[in-house]
Every structure is written in structure tokens, then in C-alpha cells.
Amino acid sequence: MKEEKKEFSLTADPRVYSAEALRLAAFVFSDRAEVCVKPGKGGLAVSFASAAPGFHPGDFMNEALNQQCRLDLAKKNSKAAGMIATKALLSAAGEKKKA
Amino acid sequence: MAQKNPAKRTSPAGPPQLLWRREGADCLVTNDFGHYAWLKCKDFNLLAAGSLGEKHPKYAELADKGFVRDRLDFEGLAAKWRSKNAYLGTGPGLHILVLTLRCNHKCLYCQSAAAGVGARNADMSVETARKSVDFALQSSNPAITIEFQGGEPLLNWEALKAAVLRARAGAKKAGKQVSLALVSNFSLMTEEKASFLVENEVSVCTSLDGPADLHNRNRLFSGGNSHAATIKWLKYFQERYKHQVPGYRTFKPSALLTVSRYSLGRHKEIIDEYVKHGLEDIFIRPLAPIGYAKKCWGQIGYGAAEFTKFYLASLDYIHKLNRNGTVIREKMAAMMLEKIVNSRDPGYVDARCPCGAAIGQIAYNYNGDLYTCDEGRMVGWEGDDTFRIGNVRADSYRKVMASAATRACVLSSNLESQPDCARCVYKPYCGVCPVYNYEVQGSLWGDMAANDRCGLFKGIFGALFALLKKPGGEAILKKWAGK
């Protein structure tokens with residue numbers, strides 16, 4: 001027996017969600033639904049096709065919010081985050097400290 | 001040149017970085033330097049508004065700990081940060097050699113994808129074992145630990161022996177401090193093997209899940225009584241430790257506890273079992289839904305709330321035993337306390353920023369494939385090589401350290417880039433796991449608001465800080481740190 005695949009759609013508020021955040025969330029959910037993001041009336045139109053059983057658009061939007069928070073944080077913290085990551089990777093590779 | 005008039009502050013200066021969490025009428029505050037303080041909420045409000053005056057009874061303590069903007073000792077605080085994050089200056093210290101996938105046990109929670117004893121093409125060759133040791137010796141870390149695991153590593157004795165001898169010879173040449181450790185279920189131990197291990201300064205570690213019925217329920221062994229074999233050889237190594245001989249150091253054997261659903265509610269019996277057999281450390285490790293454990297999670301798994309309840313009850317009981325003079329400490333707590341109390345890196349790769357994936361530890365699979373960690377290797381066993389960072393025969397050390405998976409794990413486990421973690425009160429002491437995030441939540445970054453591992457760690461930290469708040473609790477816990 002074929003499992004029923006569902007289709008959903010919603011509009012994401014552009015004041016909260018950037019297109020990038022929605023695209024990142026779409027990648028995370030790529031094994032659960034086919035997600036399409038495009039400009040729409042009143043915001044970004046997000047449609048879900050071939051959604052796997054158990055899929056819920058609310059879960060997707062939570063992930064989009066998570067991604068948006070990460071992007072917002074990166075604007076403030078990218079310098080500090082970059083210094084830590086660079087130091088960790090260079091030290092692991094055995095780069096000697098410059099005089 | 002005319003001097004400008006110095007700018008005058010028109011409003012009180014707020015605190016410098018302040019991470020905080022309300023606990024009833026109290027507030028816990030921390031900062032990235034690793035300092036913490038408990039405040040009454042009204043005092044926290046004053047601090048946050050920059051209105052905590054010099055005459056306030058808490059002022060001196062808070063100023064000392066870097067919570068007062070006008071009294072920051074930059075050099076002192078920077079030194080503390082460097083000490084707590086010393087691992088950022090070195091490469092992988094832990095090298096896990098998976099000598100075989102074969103095992104004679106079928107533990108319910110096994111994450112190592114163990115194969116049966118008769119499985120073919122599941123052993124690390126002697127040549128690969130030697131190459132793995134050579135690779136590990138290239139680490140930029142001046143002190144490394146090579147840990148032999150499996151399956152059951154004693155099933156591949158020839159490779160184990162070869163690796164031990166190669167490591168001892170190579171350590172001197174490489175000018176490195178090399179520690180060797182064996183993680184084994186002990187069921188295949190013999191006097192001859194034990195003597196070889198002891199004489200070559202290989203420390204031994206086993207699993208002990210509690211009294212016999214609980215241990216044997218978790219750790220199925222068709223060849224006999226798993227618990228009995230564990231205890232027999234624990235006692236053997238304890239005796240060898242007590243009778244040190246010149247020429248080599250003999251280490252105390254240690255044991256790990258893996259908490260399954262069957263363990264919940266039995267914390268007293270489990271801890272009593274450790275005390276009964278002379279073990280002074282118990283490492284209460286939560287289960288993660290990775291590998292084989294993922295398949296039977298419904299049977300053996302639990303949520304963060306259940307584990308936290310078990311952990312709190314265990315810590316409370318251990319604390320009570322300590323007050324009555326029994327020597328026993330919880331290993332996870334001890335490692336966290338090393339950071340909280342002593343601002344020192346305890347070498348725990350699972351809870352640091354960035355996590356130790358590749359840059360802190362490497363897992364060497366039986367076929368020479370290298371992974372970010374043992375958990376990453378298990379994901380690979382399921383057919384997904386996201387966490388594969390190279391091969392010991394084909395790739396150079398530098399190439400492995402610069403691999404895409406290495407970089408992805410470093411970036412995704414940086415707490416400065418995690419929305420929830422960046423402002424969490426436990427951030428100075430915590431760490432995320434990209435492998436867990438990937439397996440459970442579908443991305444390396446995860447979503448901490450719904451992440452059970454995060455919930456678990458918050459429970460552990462909550463328990464520790466609550467105990468540190470109590471006068472008697474602080475004295476005992478501080479003794480655990482740095483032991």
C-alpha cells in the first residue's frame with residue numbers, strides 16, 4: 001500500500017525570516033519534504049510537496065527560526081567566532097605561532 | 001596638539017559580559033573567563049543596571065571575578081581564559097584505535113556496531129595498526145593518549161601488541177608523552193596478556209553497569225557471566241596496582257557506567273557496587289541514540305528529564321557517602337568542576353568549544369579510515385561518511401586536519417555561533433556535538449531549544465551549581481576537581 005504524501009503551503013513573514021534562513025531549513029528538511037521558497041504576496045511563499053508521514057510545517061518553521069537566529073548572531077559574533085575557529089584549526093594542523 | 005576633553009559618562013556603566021539564569025529567588029551569573037557567582041535577584045538587578053555600588057557586600061567578590069566593568073583585570077582574566085581553553089593551542093590528544101569490529105558481547109546499547117566473533121574482514125591488520133600509531137605520533141599535541149577499543153580489542157591481540165610496542169618505541173623518537181589505554185570487557189583476559197599490558201604501562205578500563213543482574217541484562221554475553229569476568233579482572237589489576245614494581249608504573253583500573261532505561265531508579269545499588277569493589281571513580285554516562293542504540297532506543301532509551309533525575313539522585317547519594325567518609329567521586333562532575341573551580345582544561349573532548357571532533361580526537365577504524373570521533377565512525381558504519389576525514393594510508397596529517405568534515409565540525413560546534421549557547425549561563429563550561437545534532441536533528445548545527453543532549457547537560461550543570469551553592473557541598477566538590 002502506498003503511503004499518503006501530503007502538500008502544504010504557508011507565507012513566511014519577511015520581517016522575521018530571511019530567504020536564506022528558509023533555504024537553510026529546506027536543506028535540513030530535504031529528507032522529509034520537497035520545499036520550494038519564492039517571493040509571494042505578503043512575504044515569502046513556502047510550499048511543501050511529497051511530505052513524508054509525520055512531517056509538520058511547524059517543525060520546518062522552528063528550524064527556519066533557528067537558522068535565522070544563527071544568521072543574526074553571526075552578524076554580532078563572527079569576528080570572535082572566527083578567531084576561535086582559526087586558532088583551533090591552525091593549532092591542530094601544527095602551524096607554529098608567528099613571532 | 002590640544003588635548004580633547006575626556007568623555008564623561010552620563011549613565012552608570014553596565015556590567016561587562018554577563019551570562020545568567022534565574023533559579024527561584026536567586027540568580028547564577030557566569031562569564032567567559034569561567035567565573036561564577038550566586039546572587040539574590042534584587043542584587044542581580046542592581047548589577048545588570050550598573051547600580052551595584054562599591055559598598056555593596058557582593059561588590060568585592062564580583063569585581064574580583066570580572067563582573068564589574070570599571071575593575072577589570074584584563075591580564076588576569078585573559079590568563080584564566082587561556083588556561084581554561086588551553087586545548088585551542090594543540091592538536092588531537094586522544095587517538096582511538098578500533099582494533100576490531102568483532103565482539104563476544106551483544107550489549108543492548110552498543111554504539112560501536114560490533115560484529116560477531118566469527119565475522120570476516122573486521123580486524124585491523126598489524127600493518128594498519130602500526131601506521132595508525134605513526135599517524136597519531138604526528139599530532140601537534142605534545143602529549144597523546146592512544147586508546148584501544150573495538151568491538152572487543154582482545155580479539156585482535158596481535159595488532160594490539162604490535163601497536164603497543166610501536167607506540168613505546170615511537171614515543172621516544174617523537175619526543176612525545178604517550179599514554180596507552182585499553183577499553184575491554186575483560187572476558188578474554190589472561191595472565192599472559194595482563195602482564196604484557198601492565199609491563200608496557202597500558203592502563204585498563206572496563207564497563208561496570210551495576211550489580212550482576214543489571215550489568216548482565218545490559219551486557220549480554222553468551223560465553224558466561226559478564227559481571228563475574230569484569231569483577232575477577234578488576235580485582236587482578238587492583239592487586240597489581242597495589243604491588244608496584246620498579247621498572248614500570250602500574251595504573252589503577254577504572255570502570256565506566258552506561259545508563260540504560262534499566263538503570264533508572266537503581267542508582268544506590270549501582271554506586272554501592274562501585275564502592276564495594278574498591279572503585280573510587282564512577283563515570284555516569286548517558287546513552288545517545290547513535291549506532292545500535294538508535295535501533296533499540298524505544299526499549300533502552302530515555303529523555304533528558306529522566307536522566308537528570310537519575311543523575312541528581314546519584315550525585316546526592318555520592319555526596320552523602322563522601323560526608324560519611326567513603327571515597328567515591330563522579331567523573332563527569334570532576335571534569336566539569338576542573339573547569340568551574342580551577343579554570344583548567346580537563347581534556348574532556350565532548351564538552352568544549354569547539355568540540356574535539358578531529359582537532360581533539362581521531363577515531364581510526366579497523367580498515368584505516370579516519371573519523372572525527374567514535375560516534376562519527378558509527379555514522380559511517382551506517383553508510384554515511386559525513387564524518388570521515390581521511391585514511392591513515394592515503395592521507396597526510398595536515399590534509400586530515402584541513403578536511404571538509406574537520407572544518408565543518410569546528411564551525412558548527414563553536415558556541416559563539418550557536419544562538420542558544422551564546423547566551424547560556426553554562427556556556428563557559430559546555431560544548432555541543434555535531435554528530436549528535438546530525439543524527440538526531442538532521443543538521444550539524446542542531447537546534448538547542450529542542451536538543452535532548454543540551455537538556456541533559458543543563459541538568460548536570462544545574463545539579464553541580466546547586467551543590468556548589470551549599471557550604472558543605474562546595475567543600476566536597478572542590479576536592480574532586482584536580483584529583
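The values are calculated or read from the model by the stated rules, or taken from the named source; none is laboratory data. Remember, it's a predicted structure, so these values are computed and weren't measured experimentally. Methodologically, a virtual Cβ is constructed for each residue, glycine included, from the backbone with ideal geometry; neighbour enumeration extends over all protein chains shown. Keep in mind that these areas ignore ligands, DNA and RNA; they rest on the heavy atoms of the full protein, side chains included. Shrake-Rupley method; radii C 1.70, N 1.55, O 1.52, S 1.80 Å.
Remarks
- Flag if B:ILE389 is open to solvent by less than 40 Å² (accessible area, probe 1.4 Å) and either under 27 Å from A:ARG70 (Cα atoms) or in a loop (DSSP other than H, G, I, E, B) (or both): yes
- Residue in the range A:32-49 that is open to solvent by 30 Å² or more (accessible area, probe 1.4 Å), within 12 Å of another protein chain (Cβ to nearest Cβ) and of a type outside the set (Phe, Trp, Tyr) present: yes
- Count of the range B:13-47 residues which are small (Gly, Ala, Ser) and out of contact with any strand residue (DSSP E or B) (no Cβ under 8 Å at 6 or more places or on another chain): 4
- Residue list for the range A:60-99, restricted to those being surrounded by fewer than 18 Cβ atoms within 10 Å (Cβ to Cβ), charged (D, E, K, R) and within 12 Å of chain B (Cβ to nearest Cβ): A:ASP72, A:LYS75, A:LYS76, A:LYS79, A:LYS87, A:GLU95, A:LYS96, A:LYS97
- Pairs, first more than 15 Å from B:ALA475 (Cα to Cα) and in contact (Cβ under 8 Å) with a residue 60 or more places away in the chain in the range B:335-355, second of a type in the set (Asp, Glu) and open to solvent by 10 Å² or more (accessible area, probe 1.4 Å), C-beta under 7 Å, six or more apart: B:ARG344/B:GLU338
- Test: residue in the range A:22-31 that is among the aromatic types (Phe, Trp, Tyr) and either in contact (Cβ under 8 Å) with a residue 60 or more places away in the chain or part of a loop (DSSP other than H, G, I, E, B) (or both): yes
- Filter result for B:ALA408 (surrounded by fewer than 22 Cβ atoms within 10 Å (Cβ to Cβ), over 21 Å from B:GLY34 (Cβ atoms) and either at pLDDT 95 or above or within 12 Å of chain A (Cβ to nearest Cβ) (or both)): yes
- Qualifying residue in the range B:72-93 (condition: away from every other protein chain (no Cβ under 14 Å) and touching a residue at least 60 places away in the same chain (Cβ under 8 Å)): yes
Yes/no matrix, rows are residues, columns are (1) assigned to a loop (DSSP other than H, G, I, E, B); (2) within 14 Å of chain A (Cβ to nearest Cβ); (3) hydroxyl-bearing (Ser, Thr, Tyr):
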{"residue": "B:TYR262", "(1), (2), (3)": "no, no, yes"}
{"residue": "B:GLY265", "(1), (2), (3)": "yes, no, no"}
{"residue": "B:ILE270", "(1), (2), (3)": "no, no, no"}
{"residue": "B:ILE284", "(1), (2), (3)": "no, no, no"}
{"residue": "B:TYR302", "(1), (2), (3)": "yes, no, yes"}
{"residue": "B:LEU312", "(1), (2), (3)": "no, no, no"}
{"residue": "B:HIS319", "(1), (2), (3)": "no, no, no"}
{"residue": "B:LEU337", "(1), (2), (3)": "no, no, no"}
{"residue": "B:ASP350", "(1), (2), (3)": "yes, no, no"}
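- Which listed residue, of B:GLY431, B:GLY459, is more than 8 Å from chain A (Cβ to nearest Cβ), more than 25 Å from B:ARG377 (Cβ to Cβ) and not β-branched (Val, Ile, Thr): B:GLY459
- For the range B:150-178, the candidate set comprises residues that are surrounded by fewer than 21 Cβ atoms within 10 Å (Cβ to Cβ) and under 24 Å from the mean Cα position of the chain (by Cα); within that set, the residue that is farthest from B:THR206 (Cα to Cα) is B:LYS176.
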